[in-house]
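Below is one structure, written out as C-alpha cells; the observations come after it.
Here, each number is a calculation from the coordinates, and none is a lab measurement. Bear in mind the structure is a predicted one, so any value in this text is a computation, not a measurement. Glycine gets a Cβ as well: all are built from the backbone with ideal geometry, and neighbour counts include every protein chain shown.
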Amino acid sequence: GESVGLHLPTLSVQEGDNSIINCAYSNSASDYFIWYKQESGKGPQFIIDIRSNMDKRQGQRVTVLLNKTVKHLSLQIAATQPGDSAVYFCAETSGGGGSNYKLTFGKGTLLTVNP
Amino acid sequence: GAVVSQHPSRVICKSGTSVKIECRSLDFQATTMFWYRQFPKQSLMLMATSNEGSKATYEQGVEKDKFLINHASLTLSTLTVTSAHPEDSSFYICSVRTAAGEYFGPGTRLTVL
C-alpha cells in the first residue's frame, strides 16, 4: 500500500539552532498532513497540520512546508530547545481531514537537542 | 483539542491471561475512537476504529476475536487483549478525533511474560 517515510531517522542539533525534519509521502491522493511529537513513553502530541491547498503554515516556533510536486513535507522548528527532544512523526490521509479519514504514520525522526 | 486518558499506564501479565485497557475522552463526546499499537522504535499502526454503540472496524491483519473493543458510551472505549502472548507486548494508544484534529492518549505499556 501507500506509505509515508522519512529521509533521516535521527537529527542532532545544538540548542538555539533551527531544526528541519523531513518526510516523503507516496500517496498522490494525500490531502491532509499532520506532524506529531512523541516523547519517550508518552502518546503523540499534535504539533501542526496542513491541508493540500496550502504550501506553508506557521505556528508558534514551528512551520510546516508542503511540496506536492515532489510529495515532500517538512517541519521547521525555530530556536530549538532541549524540551523539543523527541521523536517526530508525520502522518497523512487522503480523507480530506473530515471525520472518516485514517491516518498513516511515517517512521519517525528522533530529534536530540544538545545544550 | 481533546483530553484523553488511558488506564492503566502500564501492565504486566502472564501469558494466556486477558488484559483490559480503558480509553476515556475527558472533555469531548466521542462517537469514534481509534486504537493504535506501537512496537519499540517503530511507528504507530492503526488497529481498529471504535464506534459508539456498534461494532468496531478492524484493520487488515488484526484479529477481532483477540482484540475485543467495546465502546459503550461517548466517553469510554475499552480494548481487551485476550489470551495475551509475549508477541502482544507493545505500547497501545487510543485517540479521539474532533473537528480540530486527532488527539492521543498517553498510552498503555503492555508486557506479557
Taking a crude spin-label model, label points 7 Å out from Cα along the C-beta direction, the A:Gln45 to B:Arg109 distance in nm is 1.8 nm
Report the relative contact order of chain A, percent, no decimals, based on alpha-carbon pairs under 8 angstrom and at least 6 residues apart.
37 percent
Once you put a point 7 Å from the Cα of A:Lys68 and another 7 Å from the Cα of B:Ser18, both along the Cβ direction, what distance in nm separates them?
4.8 nm
Averaged over residues of B:98-108, the number of beta carbons from other chains lying within 10 Å of each residue's Cβ is 4
List every residue whose amide H lies under 5 Å from the amide H of B:Thr98, counting only residues 5 or more places away in sequence or on a different chain, with H placed 1.01 Å from N in the peptide plane.
B:Tyr103
The farthest towards the positive end of the charge dipole of the stretch B:7-55, of the residues B:Leu26, B:Val11, B:Met45, given +1 on Cβ of Lys and Arg and -1 on Cβ of Asp and Glu, is B:Val11
Using the structure shown, select from A:Lys71/B:Lys64; A:Lys56/A:Lys107; A:Lys68/A:Lys107; A:Lys68/B:Lys41; A:Lys37/B:Lys14; A:Lys37/A:Lys71 the pairs with a Cα to Cα distance greater than 25 angstrom.
A:Lys71/B:Lys64; A:Lys68/B:Lys41; A:Lys37/B:Lys14
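What average number of partner chain Cβ atoms lie no more than 10 Å from the Cβ of the residues making up A:70-82? Before the final figure, lay out each step's value.
On the way: counts 0, 0, 0, 0, 0, 0, 0, 0, 0, 0, 0, 0, 0.
So the per-residue partner count for this stretch is 0.
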With charges set only on the Cβ (+1 for Lys and Arg, -1 for Asp and Glu), what does the dipole of chain B come to about its Cα centre, in debye to the nearest 20?
220 debye
Per residue of A:41-54, how many C-beta atoms from partner chains lie within 10 Å of its own C-beta, taken as a mean?
4
For the protein assembly as shown, what does the equivalent ellipsoid look like in terms of its semi-axes, each the square root of 5 times an eigenvalue of the Cα gyration tensor, given largest first in whole Å?
30, 20, 16
Stretch gain in nm, segment A:Gln58-A:Thr112, where the contour uses 0.36 nm per residue and the Cα spacing is subtracted
17.2 nm
